[in-house]
Amino acid sequence: MPANSRERAQSGQDNKRQQQHFSKKISEGEADLYLDQYNFTTTAAIVSSVDRKIFVLLRDGRMLFGVLRTFDQYANLILQDCVERIYFSEENKYAEEDRGIFMIRGENVVMLGEVDIDKEDQPLDAMERIPFKEAWQIKQQNDEKRFKEETHRGKEMARHGIVYDFHKSDMY
């Protein structure tokens, strides 16, 4: 057989093997295992968290807990049964406020992750719950104080020729 004929025959066999390989359907469980092998760096990484309770840290320092219902390519999130929490770990206090259905613009998300619903309330049992309004005022005062300190730090660094990029909305 001429070399070209052999190559064509080999190529035909390879194509048949590939078609057999791709025609095999995979189950939903196998698909999940297949996807879990990849480290997604896009919003596709959020797929497995849909319909699960998640924690979201926002740029302004707010902490939200809720069930992720949907998201889009910009990582805009919709949380259902959303609760905003404020922690004061030094004083062993916390506050929370129901937010209902909450939409979060993706550019404001610093971090998100799934919450273990069996363990979520354990730390709260050891903490004192305070009214949300009171906690919000304390948080505002703490944020203002931190903003002044960061602004002062930025000016000091600028005197030495170092750029210190801090914005008031970045309070996380």
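Look through segment 113-153, keep the residues that are in contact with a Phe, Trp or Tyr (Cβ under 9 Å, 6 or more places away or on another chain) and hydrophobic (A, V, I, L, M, F, W, C), and return whichever of them is surrounded by the most Cβ atoms within 10 Å (Cβ to Cβ). The qualifying residue surrounded by the most Cβ atoms within 10 Å (Cβ to Cβ) is Ala135.
If you filter segment 47-99 down to residues that are small (Gly, Ala, Ser) and at pLDDT 95 or above, you find that the one that is nearest to Phe132 (Cα to Cα) is Ala95. Within segment 103-155, being part of a helix (DSSP H, G or I) and either in contact with a strand residue (DSSP E or B) (Cβ under 8 Å, 6 or more places away or on another chain) or not assigned by TED's automatic domain parsing to the domain that holds Val83 (or both) holds for Gly106, Asn108, Leu124, Phe132, Glu134, Ala135, Trp136, Ile138, Lys139.
Hey, does segment 10-28 have a residue that's surrounded by fewer than 15 Cβ atoms within 10 Å (Cβ to Cβ), in a loop (DSSP other than H, G, I, E, B) and modelled with pLDDT of 85 or more? No, because not a single residue in segment 10-28 is surrounded by fewer than 15 Cβ atoms within 10 Å (Cβ to Cβ), in a loop (DSSP other than H, G, I, E, B) and modelled with pLDDT of 85 or more. One residue alone among Tyr164, Tyr94 is of a type in the set (Phe, Trp, Tyr) and either surrounded by fewer than 11 Cβ atoms within 10 Å (Cβ to Cβ) or in the same structural domain as Val56 (by TED's automatic domain parsing) (or both), and that residue is Tyr94. Regarding segment 132-139, can at least one residue be identified that is polar (S, T, N, Q) and closer than 14 Å to Met63 by Cα? No: segment 132-139 contains no residue that is polar (S, T, N, Q) and closer than 14 Å to Met63 by Cα.
The values are calculated or read from the model by the stated rules, or taken from the named source; none is laboratory data. For clarity, every value in this text was computed on a predicted model and none was experimentally measured. Using ideal geometry, Cβ is built from the backbone for each residue, glycine included, and neighbour counts are taken over all protein chains shown.
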